[in-house]
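The values are calculated or read from the model by the stated rules, or taken from the named source; none is laboratory data. Keep in mind the model is a prediction, meaning the values are calculated, not measured. Neighbour counts are summed over all protein chains in view; Cβ atoms, including those assigned to glycine, are modelled from backbone coordinates with ideal geometry.
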Amino acid sequence: MQKDIYAKVISFLQGASWAIVLIGAYLIFKLSISFGLIYSIFFTTLYIIVSLLFILVLDAFSVQKQKLEELKKQTTLLEKLTTIE
């Protein structure tokens, strides 16, 4: 089954978000290491947590889209059942 444009965009954004998390965490760590190892680990962890929240939001969009499609299928089945009687 071919994906619609919405699913393709969400999938692309999820992949790009993971790349941003990995590259960003590395850059944050390298840039903040001059402040000390503890601060660097703290800033990197904070960056990762915030970035993962954005990934969870994108995943929630994907789940809601799938839920909507399933509800549409159930609605059509229920309509067919009511017209049979």
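What the table shows:
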read-out	value
Per-region count, region 48-69, residues in contact (Cβ under 8 Å) with a residue 40 or more places away in the chain and more than 17 Å from I5 (Cα to Cα)	1
Residue check, F35 hydrophobic (A, V, I, L, M, F, W, C), farther than 27 Å from A60 by Cβ, surrounded by 11 or more Cβ atoms within 10 Å (Cβ to Cβ) and modelled with pLDDT of 95 or more	no
Residues located in region 1-26, provided they are exposed (fewer than 13 other Cβ atoms within 10 Å of the Cβ), in a helix (DSSP H, G or I) and either over 18 Å from the mean Cα position of the chain (by Cα) or aliphatic (A, V, I, L, M) (or both)	I5, A16, A19, L22, I23, Y26
